[in-house]
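To start, the structure under review is shown below, and the notes come after it.
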Amino acid sequence: GWGTGTGSPGEIGNQVIFAHARKGQFLPLQEVEVGETIYILTSQSWYGYRVREIKEVFPNQTEVISQSEDERLTLYTCSGFGDSKRLVVTAYPL
């Protein structure tokens with residue numbers, strides 16, 4: 001799901017997308033590496049982003065999904081034993 005109140009592709013702000021770490025959703029994020037390219041398709045255009053940071057956080061570390069003063073894409077999913085943590089992938093426009 002698209003995070004309510006987050007940015008939109010091509011605009012300033014943190015664009016946050018949430019999904020479960022399941023097949024057909026964000027399970028492949030476990031394999032992503034810094035430097036890889038992510039594409040987002042909207043009704044208007046394709047937008048490309050390069051992965052700059054990958055980290056695990058605890059669910060209460062919500063600063064990773066806060067608004068930003070730059071354009072960025074944040075992909076957010078469950079990780080850790082019993083989904084106790086969150087995997088956060090941050091990417092910036094190409």
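Share of the chain's accessible area from carbon and sulfur, percent, 1.4 Å? Show your work: numbers first, answer last.
Details: 2960 of 5840 Å².
Here it works out to 51 percent.
Work out, step by step, the length gained on full extension between LYS23 and GLU63: first 0.36 nm times the residue separation, then minus their alpha carbon distance; give nm to one decimal. Mind showing how you got there, number by number?
Details: separation 40, 0.36 × 40 = 14.40 nm, distance 2.70 nm.
The span from LYS23 to GLU63 would gain 11.7 nm if fully extended.
For the chain, would you read off the P(r) tail past 17 Å as a percentage of all alpha carbon pairs?
Values: 2063 of 4371 pairs.
Cα-Cα pairs in the chain separated by more than 17 Å: 47 percent.
Mind checking the per residue accessible area of the chain for me, 1.4 Å probe, whole number of Å²?
Values: 5840 Å² over 94 residues.
So the chain comes to 62 Å² accessible per residue, rounded to a whole number.
Gain in length, GLU31 to ASP70, computed as 0.36 nm per residue apart minus the alpha-carbon separation, to one decimal in nm? Can you show the working numbers first?
Values: separation 39, 0.36 × 39 = 14.04 nm, distance 2.59 nm.
Length gained between GLU31 and ASP70: 11.5 nm.
Extension gain THR4-SER45, at 0.36 nm per residue separation less the Cα-Cα distance, in nm?
Numbers: separation 41, 0.36 × 41 = 14.76 nm, distance 2.05 nm.
Result for the pair: 12.7 nm of gain on full extension.
Work from the charge dipole of the chain (Cβ charges, +1 for Lys and Arg, -1 for Asp and Glu, about the Cα centre) and give the residue of GLY13, VAL34, LEU87 farthest towards its positive end.
Of the listed residues, the answer is LEU87.
The values are calculated or read from the model by the stated rules, or taken from the named source; none is laboratory data. Computed from a prediction, not measured in an experiment: that's the story for all the values here. Note that each Cβ is placed from the backbone with ideal geometry, even for glycine, and that neighbours are counted across all protein chains shown. In case anyone asks, the SASA skips ligands and DNA or RNA and just uses the protein heavy atoms, side chains included. Shrake-Rupley method; radii C 1.70, N 1.55, O 1.52, S 1.80 Å.
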